[in-house]
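These notes are about the structure you will find just below.
The values are calculated or read from the model by the stated rules, or taken from the named source; none is laboratory data. Since the structure is predicted, the reported quantities are computational estimates derived from the model, not experimental observations. Cβ sites come from the backbone with ideal geometry, for glycine too, and all protein chains shown count toward neighbours. Surface accessibility is based on the protein's heavy atoms, side chains included, excluding ligands, DNA and RNA. Shrake-Rupley method; radii C 1.70, N 1.55, O 1.52, S 1.80 Å.
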Amino acid sequence: LHCSVPVAATPTIEIKDTTGVTRNITDVETAGDVQFSVVDQSGLPANGAEITLTNEITGEVISVVAANGIATFAGLAPGVWV
């Protein structure tokens, strides 16, 4: 008799762009911070730009305003975010 116990997968935060392309996957324990650069059409830091993530499963929407061209989402729950 052979028994195996499945190993629990580490929760992840997956970030996709609006075209469905995965841009980042991060392993987390319970929640994590996601930070990325935001630039305008001319390639300069997009200060004051509102960035929104939506959880694909729950529909939860979180928005932040970029500061110095950096958008930071703190305490983001595991899941797939677009």
In the stretch 10-29, the residues that are in a loop (DSSP other than H, G, I, E, B) and of a type in the set (Ser, Thr, Tyr): 10, 18, 19
task: Could you tell me which residue of the stretch 44-58 is surrounded by the fewest Cβ atoms within 10 Å (Cβ to Cβ), considering only residues that are in contact (Cβ under 8 Å) with a residue 24 or more places away in the chain and within 16 Å of residue 73 (Cβ to Cβ)?
output: 56
Whichever residue in the stretch 30-81 is in a loop (DSSP other than H, G, I, E, B) and of a type in the set (Val, Ile, Thr) and, among such residues, is nearest to residue 13 (Cα to Cα): 30
statement: Of the residues in the stretch 14-43 that are more than 16 Å from residue 68 (Cα to Cα) and of a type in the set (Gly, Ala, Ser), the one that is least open to solvent (accessible area, probe 1.4 Å) is 32
